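The values are calculated or read from the model by the stated rules, or taken from the named source; none is laboratory data. What you see is a predicted model; the values in this text were computed from it and never measured. No Cβ is skipped: glycine too gets one built from the backbone with ideal geometry, and neighbour counts run over all protein chains shown. With ligands, DNA and RNA removed, areas are computed over all heavy atoms of the protein, side chains included. Shrake-Rupley method; radii C 1.70, N 1.55, O 1.52, S 1.80 Å.
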Amino acid sequence: GGRRGEGEVRVIDVLRRQEHFVASLSGLMAELRTHARLPRPQQVAKLRAALSASGLYAHLECFATPVLLPHEQHVAITGILPQHSTILKSAMQPLKLVCSRLSP
């Protein structure tokens with residue numbers, strides 16, 4: 001194998017950060033599913049606690065390096081704002097995660 005070019009290394013780094021972000025979100029969803037029988041306000045409290053500075057997913061609150069959204073490569077997010085994130089009223093219990101981002 002030859003040496004990787006700088007552009008290729010950057011792409012691999014972006015993909016690794018995206019992979020870690022998506023894996024963390026999947027873990028967060030799995031954690032929240034364990035509380036699926038709780039009333040929605042308690043589930044939202046669990047979500048916010050998990051994302052807070054002392055929570056299991058605190059690393060999602062502020063990233064050391066911004067992450068480009070996998071589906072919108074021009075948007076670089078810097079973390080998730082726990083206080084503005086919630087679980088929507090639906091049987092599927094989708095998350096509404098509000099992110100901080102770099103200025104365009």
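Picking from residues in the range 16-73 that are among the polar types (S, T, N, Q) and not in a helix (DSSP H, G or I), the one that is modelled with the lowest pLDDT is GLN73. The residue that is farthest from ALA36 (Cα to Cα), counting only those in the range 80-104 that are assigned to a strand (DSSP E or B) and open to solvent by 90 Å² or more (accessible area, probe 1.4 Å), is ARG101. Within the range 70-84, the set of residues being without any contact (Cβ under 8 Å) to a residue 40 or more places away in the chain, of a type outside the set (Val, Ile, Thr) and out of contact with any Ser or Thr (no Cβ under 7 Å at 6 or more places or on another chain) comprises HIS71, GLU72, GLN73, HIS74, ALA76, GLN83, HIS84.
Conditions tested, residue by residue: (1) β-branched (Val, Ile, Thr); (2) open to solvent by 50 Å² or more (accessible area, probe 1.4 Å).
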| site | (1), (2) |
| --- | --- |
| LEU32 | no, no |
| GLN42 | no, yes |
| LEU51 | no, no |
| THR78 | yes, no |
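Residues in the range 53-76 that are touching a strand residue (DSSP E or B) at 6+ places or on another chain (Cβ under 9 Å) and open to solvent by less than 50 Å² (accessible area, probe 1.4 Å): TYR57, LEU60, PHE63, PRO66, VAL67, LEU68, LEU69, VAL75, ALA76.
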